[in-house]
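Written below as structure tokens is the structure these notes are about.
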Amino acid sequence: MKIGRFFRGAAAAPLLLGLAGCKMVVMDPAGDIAVQQRDLILLATGLMLLIIVPVIALTLFFAWKYRASNLKADYDPEWHHSTKIEMAVWAAPLAIIMILGTVTWITSHTLDPYRPLPRLAPNRPVAAGVKPLQVEVVALDWKWLFIYPELGVATVNEMAAPVDRPIAFKITASSVMNSFYVPALAGQVYAMPGMQTQLHAVVNKAGDYEGFSANYSGAGFSGMKFRFKGLSEADFQRWVAAAKAGGPQLTRADYLKLEKPSADEPVRRFAGADPNLFLDVVNRCAAPGQVCKDRMTHTAQADAAAVAQARNPQCADPRAAKRPAL
């Protein structure tokens, strides 16, 4: 029995050694949002260890002290209550839960992905007049499309951003639910078809980081990865210039080909993209002949208002009746 346990432990040892090669990027982030999230993880872990470590230590201590062979230990089978122990058992976890709940509530609002960044790093507020870099993200089967509407470029499976400049992401998906995740930059945000989510983040260290989908989305999911490049302002301008100089235009026809399922797509750069492409993807009308979702909603509202006014002219909302159909 003991020999079997020994060999099972020996077999598991190489697995533990293999973990030493894992990239702990979540614990060594490159952006202020990810740094604050890491600090919250460390704080929560530390608070939980304040309970876990004493409980494990005392369990082992009591098992050793009150073992059957220790005749010197007190033996009191009638004992059933101690007010001091009850207070310790309940007060310590309650205090930790209150501290952890307060900190989590504060950081949940501070790190709201929809909240524009007030700072680049501790004691470094965002300067007045600095505009975030706008990036539109579309999760395709199984690749990532990045559109820079202000710069007029687009890329597939690669994106870049200048160091210490806020980034404002708008995120959606073409067909199925995915999750946009750059561990070095910030936490994951879902990408959902027919909806737009947001993420505000900043990269503080130049480097080449991994991005991927954190939500399983089908057969090509394992290859749905991209590179996130944190560049100096000069290098970023060169990256944009290279995309404009050497790439083709991303036309609507090109997008329709791109959104078809394919795996392990190489990096592509486009010198320009349809300025309404992202909005049409969100509204599920990227293909010719499709009716946009927002147009359908406005039309339905106008029709409902017209019907209500026809049935009861005195009670119908006149503002709704005047709402123009798109």
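Working note: Cα atoms of the stretch 153-219, range along each principal axis, descending, whole Å: 33, 24, 22.
How would you rank 66-77, 126-137, 25-36, highest first, on the average number of other Cβ atoms within 10 Å across their residues? Each step should come with its number before you reach the end.
Values: 66-77: 7.8, 126-137: 14.7, 25-36: 19.1.
Highest to lowest by the protection proxy: 25-36, 126-137, 66-77.
Rolling a 1.4 Å probe over the protein heavy atoms gives the stretch 180-326 an accessible area of 56 Å² per residue. Listed peptides 275-283, 113-121 appear in the order 275-283, 113-121 once ranked by packing, highest mean of other Cβ atoms within 10 Å at the front. With a 1.4 Å probe and all protein chains left in place, how much of the accessible area of the stretch 157-303 comes from carbon and sulfur atoms, in whole percent? It is 55 percent, rounded to a whole number.
Assuming a ≥ b ≥ c are the square roots of the Cα gyration tensor eigenvalues, decide whether the stretch 102-191 counts as rounded (a/c under 1.5), prolate (otherwise, with a/b larger than b/c) or oblate. Present the calculation step by step, with values, prior to reporting the outcome.
Working: a/c = 2.44, a/b = 1.33, b/c = 1.84.
Cα axes put the stretch 102-191 in the oblate bin.
Any idea what % of Cα-Cα pairs in the stretch 111-250 are farther than 28 Å? Of all Cα-Cα pairs in the stretch 111-250, 15 percent lie more than 28 Å apart. Among the listed values [x] 1.15; [y] 0.97; [z] 1.05, the one matching Rg/Rh (Cα atoms, Kirkwood Rh) as calculated from this structure is [x].
Determine the percent antiparallel among the DSSP beta bridges restricted to the stretch 70-226, to the nearest 5. Numbers along the way, then the final one.
Working: 23 of 31 bridges.
The answer is about 75 percent antiparallel.
Bridge orientation summary for the chain: considering DSSP beta bridges with both residues in this region, about 65 percent are antiparallel.
Values of log10 I(q)/I(0) for the stretch 66-123 across q = 0.12, 0.18, 0.23 Å⁻¹ run -0.60, -0.84, -0.97, by the Debye formula with one identical scatterer at each alpha carbon and no solvent.
Global size of the stretch 195-288: 15.3, 42 Å for Rg and Dmax (C-alpha atoms, Rg to one decimal, Dmax whole).
So how do 78-89, 159-170 stack up, highest first, on mean other-Cβ count within 10 Å?
Values: 78-89: 8.4, 159-170: 21.0.
Put in order of decreasing packing, that is 159-170, 78-89.
So what is the relative contact order for the chain, in percent, with contacts set as C-alpha pairs under 8 Å and at least six apart? Before the final figure, lay out each step's value.
Values: 508 pairs, mean separation 52.8, N = 326.
Answer for the chain is 16 percent.
In straight-distance terms, cross-link reach from LYS84 covers every one of the aspartates and glutamates whose alpha-carbon lies under 18 Å from its own, apart from those fewer than eight places away in the same chain; here that gives ASP76.
The values are calculated or read from the model by the stated rules, or taken from the named source; none is laboratory data. In this text the structure is predicted, and so the values were computed from the model without any measurement. Cβ sites come from the backbone with ideal geometry, for glycine too, and all protein chains shown count toward neighbours. The area values use the complete protein model at the heavy-atom level, side chains included, leaving out ligands, DNA and RNA. Shrake-Rupley method; radii C 1.70, N 1.55, O 1.52, S 1.80 Å.
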